Amino acid sequence: MIFVGIDVAKDKHDCFILNSEGTVLADVFTIANNRIGFETLLSRIQSCSQGESKIKVGLEATGHYSYNLLGFLLDSGLATYVINPLHTNLYRKSLSLRRTKTDRIDARTIAMMLMSDVDLKSYSNTKSKTAEIQVAAGVSIGSKMPAKSMELKHTIALIRELDKEISEVESAIDKITSQMDSPIFTIPGIGRHMGAMILAEVGDFSNFASADKLLAYAGLSPSTYQSGQLQNCYAHMEKRGSRYLRYALFNAAKYVCLWCPTFSAYLEKKRSEGKHYNRQRMLLFAIPIFTTLKFLSKILFWGLTFNS
């Protein structure tokens, strides 16, 4: 048996091949994400196989990056296994206590997962199972169950009723916000629903003495932690107060930085100052979250307080 592990990326793929005895047949090598690279991989696999050797190929589920390679492997008649990245991560951690992750290590890990005979189902077998289900449905015997039929009808009716009520509520929100004519809706990136959520949670802006107090009410103020010589390196959100207002302001900050030149310029200013930002949650905009939200809160506070 031959096992092939492939770590899929955007422009290239790292591959690793070993046999059922654990002997490395091809140490990690890289192929381009194109037909020439795919044919190179197939040639390496074939050169490692001996006669009637069975071949298993594994790769992680990486969305559109793996579609072309997956199709090529299936068309080439290779049993291919698409593996959940979380499964791969757990398996890699079980092999070593070190926190190491590279493309080369991932390719080796996938091949070893295939060799360890963990409970994996090949992609080709999944497609065959779909055809089997269709055939079985054609010759199945139906059952008449009044209780189940009534339950299904009531569930469908409930879904339709809820959809109707949601539409009515959204229409009412649009009507009310149009009559309010609040300056919050003039901010690019804040739509009717997001603006209505902010207004509903804040109420009268004059109840807050400053934008900082508004942020604290939403639970968006940076927390402080210190015990002896230990203190937090980066401030985190307190996440107290109104979670709905926190959700609205947090998402509004993303969109206004995208659509409003004023906020975009402020964002660039803070980035040039080296302000820390939440890299994991804000990869797209690289927003220094506290300062941006504070700026947004000031604009809302000043504008809405003056308007009232």
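Annotation: amide H-H contacts under 5 Å for I2 (H modelled 1.01 Å from N, sequence separation of 5 or more, or interchain): K54, I55, K56. Kindly provide the GluC sites (Glu not before Pro) of the stretch 1-54 that DSSP labels as loop, not H, G, I, E or B, and whose Cβ sees at most 12 other Cβ atoms within 10 Å. Of the GluC sites (Glu not before Pro), the ones in loops of the stretch 1-54 whose Cβ has at most 12 other Cβ atoms within 10 Å are E21, E52.
In this model, which of K10/K269; K12/K56; K56/K93; K175/K254 are farther than 24 Å apart at the alpha-carbon?
Values: K10/K269 32 Å; K12/K56 20 Å; K56/K93 22 Å; K175/K254 26 Å.
From the list (K10/K269; K12/K56; K56/K93; K175/K254), the Cα-Cα distance tops 24 Å for K10/K269; K175/K254.
Which length gain, in nm to one decimal place, applies between E21 and E161 when the Cα-Cα distance is subtracted from 0.36 nm times their residue separation? Don't jump to the answer; show the numbers that get you there.
Details: separation 140, 0.36 × 140 = 50.40 nm, distance 6.13 nm.
Using 0.36 nm per residue and subtracting the Cα-Cα distance, I get 44.3 nm.
FRET efficiency for the M180 to D212 pair, using the beta carbon distance and R₀ = 30 Å, is estimated at 0.75. Rolled with a 1.4 Å probe across the full set of protein chains, the surface gives M150 an accessible area near 120 Å². Loop-located trypsin sites (Lys or Arg not before Pro) across the stretch 20-66 with a Cβ neighbour count of 15 or fewer within 10 Å are K54, with loop assigned by DSSP. Computed extension gain for Y247 through E168, at 0.36 nm per residue and net of the alpha carbon distance, reaches 26.1 nm.
The values are calculated or read from the model by the stated rules, or taken from the named source; none is laboratory data. On a predicted model such as this, the values are computed, not experimentally measured, just so you know. Note: ideal-geometry Cβ built from the backbone for every residue, glycine included; neighbour counts use all protein chains shown. Side chains are part of the model used for accessible areas, which takes the heavy atoms of the whole protein and leaves out ligands, DNA and RNA. Shrake-Rupley method; radii C 1.70, N 1.55, O 1.52, S 1.80 Å.
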